[in-house]
Amino acid sequence: MAAPKAPLLDASGKKSKDVTLEESIFGTDVKPHLVHETVRAEFAARRQGSKSVKTRGEVAGGRAKPWRQKGTGRARQGTTRAVQWTGGGVAFQPRTSFDVKVNRKERRAAFRSALSDHVAAGTLVLLGSSGWDAPSTRAAVDLLGDRDAPVIIVTGEDEVEIQKSFRNLERVVVTVPGELEVSQVVWARTLVVTENALPFVEGRAS
C-alpha cells in the first residue's frame, strides 16, 4: 500500500510538491463506531446541563414533624420537605449531566480515523507558511478556489497573518491544533493544515 501523501500549496495556491505523511496517523483503517462515539461525546460536552431543581434536602422548612405520629386521624408525615407537599423537594430531578465516556485511546483512534478519511478522499491539503507577510482575504479566497466547503484551517498559534486571512470567509473555520476536535474534522469537506501546525496535529493523534 502506498504511503499517504498530501499536496503542499504555496501562498498563491499552487502545488509545490507532495508531502509524505506519517502512515500510523494518516493511513490507518477508518473506524466509524469510534468516530461516532467521539463526536457524540464532544457534542454532549457542549451542553450546559444547567437545569436545576431542589431536592428535599435543599428546600426550606421541615425542621419538625407537621403533626404528631398518632391520634390525629391524618396520614403520618415526617416533614413538609417531602415530595408530596406543596413547596417540598422534587423526587425525580431533570438530567444535568450529558457526559459520554470515551477514553483517551479511543479518542485518539477516532482522530486518526477522521484524518485518514480525509487523506483517502484527497481532501487534506498542507499549506506552506512562507509568503504570508500580511493578512490577505483575497489570497485566501484564491487559494481555496473551488474546494468544497465547509473548510477547516488549522494553523500554528503564532501564524496570525494566516488566521486573519481566512477567518472572515463564509463556511471557513480557523482553529489551532490544541482546539481541533474530531467533530470538526468530520464536518469539514476540506481540511487545510499549515506546515507549522502539522507536527502538533500528529502529536494530538499519536
Check: Which of the residues spanning the range 20-34 are open to solvent by 20 Å² or more (accessible area, probe 1.4 Å) and either of a type outside the set (S, T, N, Q) or touching a Leu at 6+ places or on another chain (Cβ under 7 Å) (or both)?
Finding: GLU22, GLU23, GLY27, ASP29, VAL30, LYS31, PRO32, HIS33, LEU34
Next item on the list: Considering every residue within the range 87-98, establish whether at least one is in contact with a Gly (Cβ under 8 Å, 6 or more places away or on another chain) and polar (S, T, N, Q).
Entry: yes
Next item on the list: State all residues of the range 41-61 that are small (Gly, Ala, Ser), open to solvent by less than 60 Å² (accessible area, probe 1.4 Å) and closer than 30 Å to PHE111 by Cα; if no residue qualifies, say none.
Entry: ALA41, ALA44, GLY49
Next item on the list: Could you tell me whether the range 104-125 includes any residue that is without any contact (Cβ under 8 Å) to a residue 24 or more places away in the chain, of a type in the set (A, V, I, L, M, F, W, C) and either in contact with a Cys (Cβ under 6 Å, 6 or more places away or on another chain) or closer than 30 Å to VAL201 by Cα (or both)?
Entry: yes
Notebook entry, point to check: Would you say ALA91 is among the aliphatic types (A, V, I, L, M) and exposed (fewer than 14 other Cβ atoms within 10 Å of the Cβ)?
Noted result: yes
Item checked: Of all residues in the range 126-137 being touching a residue at least 60 places away in the same chain (Cβ under 8 Å) and not in a loop (DSSP other than H, G, I, E, B), the one that is surrounded by the most Cβ atoms within 10 Å (Cβ to Cβ) -> LEU127
Margin query: Out of ARG56, ARG40, I need the residue that is part of a loop (DSSP other than H, G, I, E, B), basic (Lys, Arg) and either at pLDDT 90 or above or over 30 Å from ASP117 (Cβ atoms) (or both). Which one?
Written below: ARG56
Notebook entry, point to check: Which residue out of ALA75, ALA64 is loosely packed, with under 12 Cβ neighbours inside 10 Å, modelled with pLDDT under 95 and in a loop (DSSP other than H, G, I, E, B)?
Noted result: ALA64
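The values are calculated or read from the model by the stated rules, or taken from the named source; none is laboratory data. As the structure is a prediction and not an experimental result, all values here were calculated from the model. For neighbour counting, all protein chains shown are included, and Cβ atoms are generated from backbone atoms with ideal geometry for every residue, glycine included. In case anyone asks, the SASA skips ligands and DNA or RNA and just uses the protein heavy atoms, side chains included. Shrake-Rupley method; radii C 1.70, N 1.55, O 1.52, S 1.80 Å.
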